[in-house]
2 protein chains.
Amino acid sequence: MVVDNGRRRPTIEDVAAAAGVSRGTVSRVLNGGVNVSPTALAAVNKAIKQTGYVVNTHARSLVTQRSGSVAFILSEPQEKFFEDPNFQVLLRGCTQALAEHDMPLLLSIADSEQDRERVVRFISGGHIDGALLFSVHAGNPVVSRLASLGIPAVTCGLPIGHEFDLAYVAVNEAEGGRLATAHLARLGRRRIATVTGPLDTPGGRDRLKGYKDGLEEAGLALDQKLIAHGDYTRISGQLAMEKLLKQDPELDAVFVASDLMALGAMDALARAGRSIPGDVAVVGFDDSPSATSAIPALTTVRQPFKRICEEMVRLLLALLDGQEPAAVILPAELVIRETA
Amino acid sequence: MVVDNGRRRPTIEDVAAAAGVSRGTVSRVLNGGVNVSPTALAAVNKAIKQTGYVVNTHARSLVTQRSGSVAFILSEPQEKFFEDPNFQVLLRGCTQALAEHDMPLLLSIADSEQDRERVVRFISGGHIDGALLFSVHAGNPVVSRLASLGIPAVTCGLPIGHEFDLAYVAVNEAEGGRLATAHLARLGRRRIATVTGPLDTPGGRDRLKGYKDGLEEAGLALDQKLIAHGDYTRISGQLAMEKLLKQDPELDAVFVASDLMALGAMDALARAGRSIPGDVAVVGFDDSPSATSAIPALTTVRQPFKRICEEMVRLLLALLDGQEPAAVILPAELVIRETA
DNA sequence: CTGAAAGCGCTTACAG
DNA sequence: CTGAAAGCGCTTACAG
């Protein structure tokens, strides 16, 4: 039963009165119940229910000097955010992982210079305890600012240039690239091309490394004509594929460093009249929702996004707890569907 | 120049000392500068810069009883959230509109019974001042709870069942449906089908109404065989289109109540060997990013998402200011591309 | 195990 | 226009 005395929200004082104890005891119950007698505990819990008490987080934060919330920072130009299905998965995953700790997620989008200023100001203003960072190109100013301010932060993907002063969670990018390439070689493909991401991102750099490893492992020569670059957008995948087809019309496979770019590459292949996987086998990266809905369904390297989010939140909470920044590398996994 | 005295953040006390005034005066400057002499104002502003002072929002919220943040609540099953590109646009638009008022956006996802409980608890706990609500089916429990708790809330789209106790922003759905249908009729199409959204959503219900209006206006008869229903997912659009083709193989146009479903419908048409727009003209709804990237590019009814977000935030701030709930209806606009 | 008390950093009547 | 002071609702040594 919830008692509503007028309009005002019940405070710890009301609970104390109802339970016949002091405010201190109520507070102790609220904070884990240590040094509280079973009798008092029961009385307080009953009083909490009875009064419908909910802690005032502002009052609590004022004394604990902790805000109890974290920011999800997207420092990416707007178009990519719009287009990339991975962000939604990550946003949701983090929201849920945080919710399990009863922490709200503050969304901050910092894709312009001005926004970045605001976001950094906001964060250094102590409004949040820590940050979850996404889409981190080498040299991203938000990342450096956070790192130099010493604000607890965890990045998704290896933060190039801050490998040692920031915590991060990443899939084993190189291994993923190697798995994809090895799979294509195993299928008997001999002219395996690749579309990379930007080389100032870990996904661009390391998936390419994996591609090279896979080629070498299969005894295939590295050929610069078979390498093109994209920026993770669908259209960039299409353009890169067109370029590759021009450079080497005989190519029979392609490893594309993201599913979205793979979709673009498939558009280009279709327009060029190549069948998939008959003429050209395609492997993507991410296992994003678009991979399954593609026609034909995309063979890809899976990033365990849910797990990534959980680990990011875990790492961030550990940082808030005073632990040192750590890195978590998750295994990549090949998901075989129809395109290869 | 920022002075860092040890590790502790400067407080209003530090600013007062630096400016040679009382805390009260500093606070007055912070809150608009009324009743402050030009001299004091200048001194305080200088001291703020000098000390690098940033207001402690928790302390402020504790006394003002306002949190200064609002929640973006998504009460939608997970799959749709993942798939629907509109959410990203809305999320971004609201984040930005709010940022202009220096208010952070808290993201809450309430797609399960349990999540809903948490979200309602969170909100009634006073952690936020108001809510922005999305994807509102009639009878959504979160909506009713918010409405009955009297928490300032603005919904995106007409909140069926709460038309009069909640503020909302919506595009003129019926007019959009009418425009789409009229356009198809004007193109000479005579067997115009429609794929609706769920009829317990304003978009499902009212776009269908517009379709009927458009038909009538063009002197075309309403035929139940030409109406099928989807749930805004791509696959549902495909299934609905397949059903329509079965029910009336002679249909020559279709108005689909969302772009995403239109994409699904186009998949079905392609599989059935119908050319677009040659055999069947297609008009979508939303003008989401997927409309432009579709091949062929989708003719659609534009929802002014950016404007919608701005109006939602404006309305919410007005509610927080004590104004009565209002409704804003924005005009729909036809965007002609390649499919019709 | 418990209560009384100080204090977190701000805002806002109130008196002048 | 300005300062002194009360108070927002909590946590946490401290003493017992």
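The values are calculated or read from the model by the stated rules, or taken from the named source; none is laboratory data. Here the structure is a predicted model, which is why all the values come from computation and not from measurement. Quick reminder, even Gly has a Cβ in these numbers, built from the backbone with ideal geometry, and neighbours come from all protein chains shown. When the accessible area is computed, the model is the full protein with side chains, heavy atoms only, and any ligands, DNA or RNA have been set aside. Shrake-Rupley method; radii C 1.70, N 1.55, O 1.52, S 1.80 Å.
If you roll a 1.4 Å probe over chain B with all protein chains in place, what percent of the accessible area is carbon or sulfur?
52 percent
Using amide H atoms built 1.01 Å from N in the peptide plane, name the residues 5+ places from A:Leu105, or on other chains, whose amide H lies under 5 Å from its own.
B:Leu107
With every protein chain present, what is the per residue accessible area of segment B:129-195 (1.4 Å probe, Å²)? Write down the numbers at each step before the final one.
Details: 2190 Å² over 67 residues.
Accessible area per residue, segment B:129-195: 33 Å².
Which order, highest average first, do A:254-261, A:333-340 follow once you tally other Cβ atoms within 10 Å for each residue and take the mean per peptide?
Going from most to least packed, we get A:254-261, A:333-340.
Apply the Kirkwood formula to chain B: the hydrodynamic radius equals the inverse of the mean of 1/r over all pairs of different alpha-carbon atoms; give it in Å with one decimal.
Final number for the Kirkwood radius of chain B is 22.4 Å.
Out of all DSSP beta bridges with both ends in chain A, state the antiparallel percent to the nearest 5.
Taking every DSSP beta bridge with both residues in chain A, the antiparallel ones total about 10 percent.
Given B:Lys212/B:Lys246; A:Lys306/B:Lys246; A:Lys306/B:Lys306; B:Lys246/B:Lys306; B:Lys212/B:Lys306; A:Lys306/B:Lys209, which pairs have Cα atoms separated by over 32 Å?
Cα-Cα > 32 Å for A:Lys306/B:Lys246; B:Lys246/B:Lys306; A:Lys306/B:Lys209; rest within.
Return the inverse of the average 1/r over all pairs of distinct C-alpha atoms in segment A:209-254, which is the Kirkwood hydrodynamic radius, in Å to one decimal.
Averaging 1/r across every pair of different Cα atoms and inverting gives 11.5 Å.
Partner chain Cβ atoms within 10 Å, averaged over the residues of A:113-120 - can you pull that number for me?
Taking the mean over all residues of the peptide, I get 1.
Would you mind working out the magnitude of the charge dipole of segment B:294-339 relative to its Cα centre, with +1 at each Lys and Arg C-beta and -1 at each Asp and Glu C-beta, to the nearest 20 Debye?
200 debye
Report the Cα centroid-to-centroid distance between segment A:226-291 and segment A:157-200 in angstrom, as an integer.
Taking the Cα centre of each part, segment A:226-291 and segment A:157-200 sit 16 Å apart.
How long is the gain from B:Glu13 to B:Ala59 if the chain were fully straight, where each residue apart is worth 0.36 nm and the alpha carbon distance is subtracted?
Stretched fully, the B:Glu13-B:Ala59 segment lengthens by 15.2 nm.
If we count every other residue with Cβ under 12 angstrom of A:Leu199's Cβ, Lys/Arg +1 and Asp/Glu -1, where does the sum land?
Working: positive: A:Arg205, A:Arg207, A:Lys209; negative: A:Asp200, A:Asp206, A:Asp231.
Neighbour charge sum, excluding A:Leu199 itself: 0.
Taking the alpha carbon gyration tensor of the protein assembly as shown, what are the square roots of 5 times its eigenvalues, largest first, to the nearest whole Å?
46, 35, 23
Counting partner chain Cβ atoms within 10 Å of every residue's Cβ in B:103-110, what's the average?
On the way: counts 0, 10, 5, 6, 11, 4, 6, 1.
Other-chain Cβ atoms within 10 Å of each residue's Cβ, averaged: 5.
Note down the net charge around B:Leu166, summing +1 for each Lys or Arg and -1 for each Asp or Glu among other residues with Cβ under 13 Å from its Cβ.
-2
Which net charge results when you count Lys and Arg as +1 and Asp and Glu as -1 among the other residues whose beta-carbon is under 14 Å from that of B:Leu319? Working shown, then result.
On the way: positive: B:Arg66, B:Arg314; negative: B:Asp129, B:Asp165, B:Glu311, B:Asp321, B:Glu324.
Its environment carries a net charge of -3.
Just to verify a number: what accessible area does A:Lys46 come out at with the full protein assembly present, 1.4 Å probe, Å² rounded to tens?
Rounded to the nearest 10, that gives 140 Å².
What aspartates and glutamates does A:Lys225 reach when the alpha-carbon gap must be under 15 Å and sequence neighbours fewer than 8 apart in one chain are set aside?
Filter leaves A:Glu242, A:Asp248, A:Glu250, A:Asp252.
Using only alpha carbon positions, build the gyration tensor of segment A:173-226, then give the equivalent ellipsoid semi-axes as the square roots of 5 times its eigenvalues, largest first, whole angstrom.
That gives 18, 12, 8 Å for the three semi-axes.
Could you give, in nm with one decimal, how far A:Lys49 is from each other copy of that position, shortest first, with labels 7 Å out from Cα toward Cβ?
5.9
What percent of all Cα-Cα pairs in segment A:253-319 falls in each 10 Å bin, counting up from 0?
Per 10 Å bin, starting at 0, the Cα pair percentages come out as 21, 42, 19, 12, 5, 0.
Before rounding to the nearest 500, sum -39500 (n - 2.57) across all DSSP H runs of length at least 4 in chain B and divide by the residue total; then give [θ] at 222 nm in deg cm²/dmol.
-14000 deg cm²/dmol
In Å² (nearest 100), what accessible area is buried between A and B, both sides summed, heavy protein atoms only, 1.4 Å probe?
On the way: alone 16290 and 16240 Å², together 28880 Å².
The A and B chains share an interface burying roughly 3600 Å².
When the expected Rg is taken as 2.2 N^0.38 Å, what fraction or multiple of it is the alpha-carbon Rg of segment B:173-302? Before the final figure, lay out each step's value.
Working: Rg = 12.5 Å, N = 130, 2.2 N^0.38 = 14.0 Å.
So segment B:173-302 has a normalised radius of gyration of 0.90.
Among DSSP bridges having both ends in the protein assembly as shown, what percentage is antiparallel? Round to the nearest 5.
Antiparallel bridges: around 10 percent, rounded to the nearest 5.
Taking every pair of distinct Cα atoms and averaging 1/r, then inverting, what Kirkwood hydrodynamic radius in Å comes out for segment B:12-55? Write out the running numbers ahead of the final one.
Values: mean 1/r = 0.1027 Å⁻¹.
Radius from the Kirkwood sum: 9.7 Å.
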